[in-house]
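Okay, structure first, notes after.
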Amino acid sequence: MIAKIKRGSAGTCVVKGMLHINKLGFPVFAMVFSFVVVGGAPHGAEKAVAGDDTGRQHIQWGKSLFNGKAVCFGCHGQNGDIRSISNGQVAQLNPSPTDLRAPSDKSVRQLYLIVKYGIPGTSMPPLRDTEKFSSEDILTLIAYLFDLQGRAHPLELIASQAVRPHTDTDVAMAKLCEQEDMGKFDRKEHCEQRYAKRYLDLLIGRPPDIALDRYAQIETICEHIANHDLDSLELCYRAEYTATRQDK
Ligand code: HEC
């Protein structure tokens, strides 16, 4: 299948990123996209949308990335409509891709971390190719995700909240960063690079397949057991998620 993609011209840049990600351990991702690329690249992905409302423009830009070169549509559906997915390989993904139009309990920061770093242990891939995607691209994707849920957020607000520590885990991480000598590095950026990837499971909050009330229970149990030690917290959450999934 991969050989087949390599010959295709329409999706060349997509394919490069895909193989790279595949090397990092996302075989399913490559499998899914071999279908998408062979099926034809989307149109108009690179076009900026005219109009005087800058908020709308950012959302439109995010939308064109979503349905274009960021290939989110391959798993979440064209325009976030999960029903438009007819690819059997996507249907078999476990956990299955989230319906991004359904109201979500995720904060701006959580969505930012999910889009930038992916969700470990699932087929949700990271978008960390900094040559193809700028930080602003990520922010416009988030603006689009909120728009899909019928909630508009100005880009400035998204930009400031994307780096604002707010969960217990975030605050504990920020404290660790404060104690370190960052030298010439930008503290927020460096802290994120150093800790956010490691504690991603904790930072991105409730996985869609864990019920809200069960998640609240897990939070209480783990906070009690781990007492703000990040490594113990991580172990506790992971064990509770696994146990919950086995109970089903
Ligand atoms: C290869 C398939 C795949 C691709 C491509 C993909 N996703 Fe996902 N995504 C998933 C899966 C699977 C989940 C659910 C993971 C879980 O249950 O924890 C998910 C979850 C998410 C979530 C979390 C939703 C919530 O409220 O919990 C967001 C946000 C998201 N994806 C956005 C995106 C965006 C934006 C893109 C494109 C940059 C993208 N995804 C590309 C498979 C994919």
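Identify all residues within the stretch 126-154 that are charged (D, E, K, R) and more than 19 Å from Arg194 (Cα to Cα); write none if there are none.
Glu131, Lys132, Glu136, Asp137, Asp147, Arg151
Can you tell me which condition Leu100 does not meet? The list is (1) assigned to a loop (DSSP other than H, G, I, E, B); (2) over 14 Å from the mean Cα position of the chain (by Cα), and all the others hold.
Answer for Leu100: the failing condition is (2).
Inside the stretch 84-96, can you point out the residues that are among the hydroxyl-bearing types (Ser, Thr, Tyr) and near the ligand (Cβ under 10 Å from one of its atoms)?
Hit for the stretch 84-96 is Ser96, nothing else.
Scan the stretch 188-215 for residues that are without any contact (Cβ under 8 Å) to a residue 24 or more places away in the chain and under 14 Å from Lys106 (Cβ atoms) and jot them down.
Answer for the stretch 188-215, where residues must be without any contact (Cβ under 8 Å) to a residue 24 or more places away in the chain and under 14 Å from Lys106 (Cβ atoms): just Tyr215.
State all residues of the stretch 169-208 that are in contact with a helix residue (DSSP H, G or I) (Cβ under 7 Å, 6 or more places away or on another chain) and acidic (Asp, Glu); if no residue qualifies, say none.
Listed by number, the residues that qualify are Asp170, Asp201.
Checking Thr169 against (1) in contact (Cβ under 8 Å) with a residue 60 or more places away in the chain; (2) under 19 Å from the mean Cα position of the chain (by Cα); (3) within 11 Å of the ligand (Cβ to nearest atom), only one condition comes out false. Which one?
Going through the list (1) in contact (Cβ under 8 Å) with a residue 60 or more places away in the chain; (2) under 19 Å from the mean Cα position of the chain (by Cα); (3) within 11 Å of the ligand (Cβ to nearest atom), Thr169 breaks only (3).
Please go through the stretch 150-163 and pick out each residue that is in contact with a helix residue (DSSP H, G or I) (Cβ under 9 Å, 6 or more places away or on another chain) and either assigned to a helix (DSSP H, G or I) or within 25 Å of Gly121 (Cα to Cα) (or both).
Of everything in the stretch 150-163, those that are in contact with a helix residue (DSSP H, G or I) (Cβ under 9 Å, 6 or more places away or on another chain) and either assigned to a helix (DSSP H, G or I) or within 25 Å of Gly121 (Cα to Cα) (or both) turn out to be Leu155, Leu157, Ile158, Ala159, Ser160, Gln161, Ala162, Val163.
Among the residues of the stretch 113-125, is there at least one that is under 23 Å from Tyr199 (Cα atoms), assigned to a loop (DSSP other than H, G, I, E, B) and touching a Pro at 6+ places or on another chain (Cβ under 7 Å)?
Within the stretch 113-125, one or more residues are under 23 Å from Tyr199 (Cα atoms), assigned to a loop (DSSP other than H, G, I, E, B) and touching a Pro at 6+ places or on another chain (Cβ under 7 Å).
Give the residue that is farthest from Glu223 (Cα to Cα), with candidates limited to residues of the stretch 135-189 that are buried (at least 16 other Cβ atoms within 10 Å of the Cβ) and of a type in the set (Phe, Trp, Tyr).
The qualifying residue farthest from Glu223 (Cα to Cα) is Tyr144.
For the stretch 112-135, indicate whether the set of residues that are near the ligand (Cβ under 9 Å from one of its atoms), touching a residue at least 40 places away in the same chain (Cβ under 8 Å) and over 28 Å from Arg238 (Cα atoms) is non-empty.
Yes, the stretch 112-135 contains at least one residue that is near the ligand (Cβ under 9 Å from one of its atoms), touching a residue at least 40 places away in the same chain (Cβ under 8 Å) and over 28 Å from Arg238 (Cα atoms).
Taking the stretch 190-228 as the search range and keeping residues that are of a type in the set (Ser, Thr, Tyr) and assigned to a helix (DSSP H, G or I), which one is surrounded by the most Cβ atoms within 10 Å (Cβ to Cβ)?
Restricting to residues being of a type in the set (Ser, Thr, Tyr) and assigned to a helix (DSSP H, G or I), the top hit is Tyr195.
Picking from Asp81, Asp99, which residue would you name as being over 29 Å from Gln193 (Cα atoms), more than 6 Å from the ligand (Cβ to nearest atom) and surrounded by 14 or more Cβ atoms within 10 Å (Cβ to Cβ)?
Result of the check over Asp81, Asp99: Asp81.
Are any residues in the stretch 52-78 more than 11 Å from the ligand (Cβ to nearest atom) and surrounded by 14 or more Cβ atoms within 10 Å (Cβ to Cβ), and if so, which ones?
Once the filter is applied, which keeps residues that are more than 11 Å from the ligand (Cβ to nearest atom) and surrounded by 14 or more Cβ atoms within 10 Å (Cβ to Cβ), the stretch 52-78 yields Gly55, Arg56, Gln57, His58, Ile59, Gln60, Trp61, Ser64, Gln78.
Contact list please: Cβ distance under 7 Å, first residue in the stretch 220-248 and of a type in the set (S, T, N, Q), second residue part of a helix (DSSP H, G or I), pairs at least six apart or on different chains.
Close Cβ pairs satisfying both conditions: Ser232/Ile225; Ser232/Ala226; Thr244/Arg214.
Values quoted throughout were computed directly from the atomic coordinates according to the rules given, and no laboratory measurement underlies them. Please read these numbers as outputs of a predicted model, since none were measured by experiment. Using ideal geometry, Cβ is built from the backbone for each residue, glycine included, and neighbour counts are taken over all protein chains shown.
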